[in-house]
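Reading through the structure tokens given below for one structure.
The values are calculated or read from the model by the stated rules, or taken from the named source; none is laboratory data. A quick note: this is a predicted structure, and the numbers were derived from the prediction, not measured. All Cβ positions, even for glycine, are placed from backbone atoms using ideal geometry, and neighbour counts span all protein chains on display. Surface areas here come from the heavy atoms of the whole protein model, side chains and all, with no ligands, DNA or RNA. Shrake-Rupley method; radii C 1.70, N 1.55, O 1.52, S 1.80 Å.
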Amino acid sequence: MTSPAPDRNLPAAAYKLCADLVAAKPAIYWADLIATALVAYAGFALAVLASSTPLRAAAFVVSALAFYRGVSFIHEVSHLRPQDVPGFKAGYNALIGVPFLVPSLMYEGVHNLHHAKTRYGTVQDPEYMPLGHGALWQVVAFVVVSALAPFGLLIRFAVLTPIAALVPPFRRIVVERFSALAINPLFRREMPTGGQLRLWLWLEALCSVWAVTLVALTIAGVISPTVFWTGLALGSAVALVNQIRTLVAHHWENEGEEMTPTEQFLDTVNVPPPATLPMLWAPVGLRYHALHHLLPRLPYHNLGQAHARLMEMLPEGSPYAQGNSRGFWEVVVRLVAFIRGRRAARPAEIVPGE
């Protein structure tokens, strides 16, 4: 009998081995989110109020990493069903999403397209760019430009949202082009409908009121420039760390063609233990990004156990192990080598007259 094709075999085998791990544990989600938010805001306060410069710097780093972890829960929100962890979406938006101007509306209805089997790695994927087929300066720009994210979010909710509310034709532009945490500049978002629209309007209104109030109180002197600029600096730090993490979440070697499930998996990266730093720059299960693409329904708190089980129980020769990298620099070196290899393989330009 002929064995099943690898493209069908790997996802099916992985699901069979990990089917008992798909249930989310609400207590873990809530405890993690609340503790993360407390550390983030306490660090923010200390970064502003501490009299010692080293203490302020240390508090800033702790706060930035905590806010980054908190914002990373937006990924879980986009995958959780309402019954999985009741009220968690509202909790995320209240503690992190609205105050940090990254409400769940910016990711729900977007991230699921990244997981669509016929969209991944194509021009229709909001979270994919063919970085491996560009130049090294584009990779650097990809990371550096993310530092402007908090300014863009502030403009989005303090300026564009009120204008869109008054000028309906402009609203479509705002929704299509400025309402998604996406990296593909060609991606255009569809207009929200039904229940999604109701939640969208509530979150958009809350973020807009908060953004306008923040700017107004800063201009009026009620909020000090130190608090305002520290908050924006925290936003930039979070965006930079996230973009660095995104850089090594995939190998970016596809150039727009539709990929098989196994090809999609192998273009994605796990950074499992014994590496330790991914706990900071790839929190909330993001260090198991390849596994997440293989089994997107697994909750973040079970990914480590699922990875260990798959490494132990999948047969020798399974492509699963090929999705693992030892750390950040291994993935970056591979990307740089791929870019240089592509450039070296291009035929030399023929100069007229030679």
Estimated distance in nm for a label pair at residue 163 and residue 279, the labels positioned 7 Å out from Cα along Cα-to-Cβ: 4.6 nm
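Tell me, what is the FRET efficiency for residue 338 and residue 147 to the nearest 0.05, using R0 = 22 angstrom and their Cβ-Cβ distance as r? Walk me through the numbers before you get to the answer.
Details: r = 25 Å, r/R0 = 1.16.
FRET efficiency, residue 338 to residue 147: 0.30.
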Solvent-accessible ranking of 145, 174, largest area first, probe 1.4 Å: 145, 174
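For Cα pairs less than 8 Å apart in space and 6+ apart in sequence, what is the mean separation divided by the residue count of the range 185-294, i.e. the relative contact order in percent? Let's see the in-between values first.
Working: 51 pairs, mean separation 20.3, N = 110.
That works out to 18 percent.
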Å² per residue, accessible surface of the chain at 1.4 Å: 50 Å²
Cα shape, the range 148-299, gyration tensor, a/c 1.5 rule: oblate
Other-chain or far-sequence residues with amide H under 5 Å of residue 268's (modelled H): 251
Shape call, the range 294-343: gyration tensor on alpha carbons, a/c limit 1.5: prolate
Relative contact order of the chain, defined on C-alpha pairs under 8 angstrom at six or more residues apart (%): 23 percent
From the coordinates shown, Rg and Dmax of the Cα atoms in Å corresponds to which of [x] 22.2, 87; [y] 21.6, 77; [z] 24.1, 103: [y]
Under Karplus coefficients 6.51, -1.76 and 1.60, residue-wise ³J(HN,Hα) of the range 118-129 in Hz, glycine/proline x: 8, 9, 3, x, 9, 5, 8, 8, x, 10, 9, 9
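Are there DSSP H segments in the chain that both extend 30 Å or more along their axis (alpha-carbon positions) and score a mean Kyte-Doolittle hydropathy of at least 0.5? List them, or say none.
Numbers: long enough: 26-49 (34 Å, 1.67); 53-79 (40 Å, 0.78); 194-219 (38 Å, 1.32); 225-247 (32 Å, 0.99).
Going by DSSP H runs, the hits are 26-49, 53-79, 194-219, 225-247.
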Helix-only mean residue ellipticity at 222 nm for the chain, each DSSP H run of n ≥ 4 adding -39500 (n - 2.57), per residue, nearest 500: -17500 deg cm²/dmol
Rough spin-label spacing in nm, given labels placed 7 Å along Cα→Cβ, for residue 224 and residue 34: 3.1 nm
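Whenever you get a sec, compute what percent of the accessible area on the chain sits on carbon and sulfur atoms (1.4 Å probe). Display every interim value, and only then the final one.
Numbers: 12110 of 17870 Å².
Here carbon and sulfur together make up 68 percent of the probe-accessible area.
Residue 19 to residue 216: extension gain in nm, 0.36 nm per residue of separation minus the Cα-Cα distance?
Details: separation 197, 0.36 × 197 = 70.92 nm, distance 5.11 nm.
Full extension of this stretch gives 65.8 nm more.
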Three-way shape label, the range 100-160, alpha-carbon gyration tensor, a/c 1.5: oblate
Under 5 Å, built H, 5+ apart or other chain: amide partners of residue 288: 271
